[in-house]
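S.K.: Take this structure, written in structure tokens, and hold onto it; I'll ask about it next.
The values are calculated or read from the model by the stated rules, or taken from the named source; none is laboratory data. Bear in mind the structure is a predicted one, so any value in this text is a computation, not a measurement. FYI the Cβ positions are ideal-geometry reconstructions off the backbone, even for glycines, and counts take in every protein chain you see. Please note that ligands, DNA and RNA were not included when accessible areas were found on the heavy atoms of the full protein model with its side chains. Shrake-Rupley method; radii C 1.70, N 1.55, O 1.52, S 1.80 Å.
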Amino acid sequence: MSAHPILKRVEDVFQQLIVLIHSPEFLAGNYHDHKNIIIENEKDAIEFSTDQDIDLNYGEEYTYWIDFIEDRGDMCSIWALESELEHSVQEEYNVLLKHYLEDEFSRKLFESADLKGFPNELQGHLHSYLFVIFNYKIFFDEIPPFWQEILLILEQGGFPTGWKGAFPKGEMLIYNHKTK
């Protein structure tokens, strides 16, 4: 393996995420704060996270979460950075990503989520959040504040599932999953 710093960061970030998903707080439903809306009901969490008509069903102050979250993750700039890697480094990088992120991480994440009884309907979203965070942490010393908040919520046992109000002054909807 080459000594390129990006390759070392892939392994380091992978290890950080493994520590997160094996922590007792992860998906434990213990998140509390006074600035966001806490959701305790699994059905509501799934609806807020996946329903593209959420604004029609609950009011226009609610935003379709998938579009909202995609607007906050600039994966194009990360893909541009990946494409700027030297060819030999890029090949090693792709092998490491496949091994760590696609194989090892995905397997361990879904095993952990299943063990905690986390809803299957939300597991893909969880994987996507951590995929974005993983990529930011590899290429940047600091991740954007929005994604830092997502990471903090996950570290403290919550699961972001929606948004109410105008960004950035609105409120995030956070599902407190109760481990089964």
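S.K.: Residues in segment 153-168 that are in a loop (DSSP other than H, G, I, E, B) and closer than 27 Å to GLY117 by Cα: how many?
M.R.: 3
S.K.: Then there's this: Test each condition in (1) over 15 Å from the mean Cα position of the chain (by Cα); (2) open to solvent by less than 50 Å² (accessible area, probe 1.4 Å) for PHE105 and report the one that comes out false.
M.R.: (1)
S.K.: Output the residues belonging to segment 56-83 that are modelled with pLDDT of 85 or more and farther than 16 Å from TYR129 by Cα.
M.R.: Those that are modelled with pLDDT of 85 or more and farther than 16 Å from TYR129 by Cα: LEU56, ASN57, TYR58, GLY59, GLU60, GLU61, TYR62, THR63.
S.K.: Restricting the search to segment 67-118, which residues are free of Cβ contacts under 8 Å to residues at least 40 places away in the same chain, of a type in the set (Gly, Ala, Ser) and under 24 Å from GLU42 (Cβ atoms)?
M.R.: Of everything in segment 67-118, just one residue is free of Cβ contacts under 8 Å to residues at least 40 places away in the same chain, of a type in the set (Gly, Ala, Ser) and under 24 Å from GLU42 (Cβ atoms), namely SER106.
S.K.: Then there's this: Evaluate segment 151-173: report whether one residue or more is without any contact (Cβ under 8 Å) to a residue 12 or more places away in the chain and within 17 Å of PHE26 (Cβ to Cβ).
M.R.: Yes, segment 151-173 contains a residue that is without any contact (Cβ under 8 Å) to a residue 12 or more places away in the chain and within 17 Å of PHE26 (Cβ to Cβ).
S.K.: Suppose we keep only residues that are open to solvent by 60 Å² or more (accessible area, probe 1.4 Å) and part of a helix (DSSP H, G or I) within segment 129-152. Which one would you say is farthest from LYS169 (Cα to Cα)?
M.R.: Here the answer is PHE131.
S.K.: Quick check on my filter: what residues within segment 83-106 are more than 22 Å from ILE18 (Cα to Cα) and touching a Phe, Trp or Tyr at 6+ places or on another chain (Cβ under 7 Å)?
M.R.: LEU85
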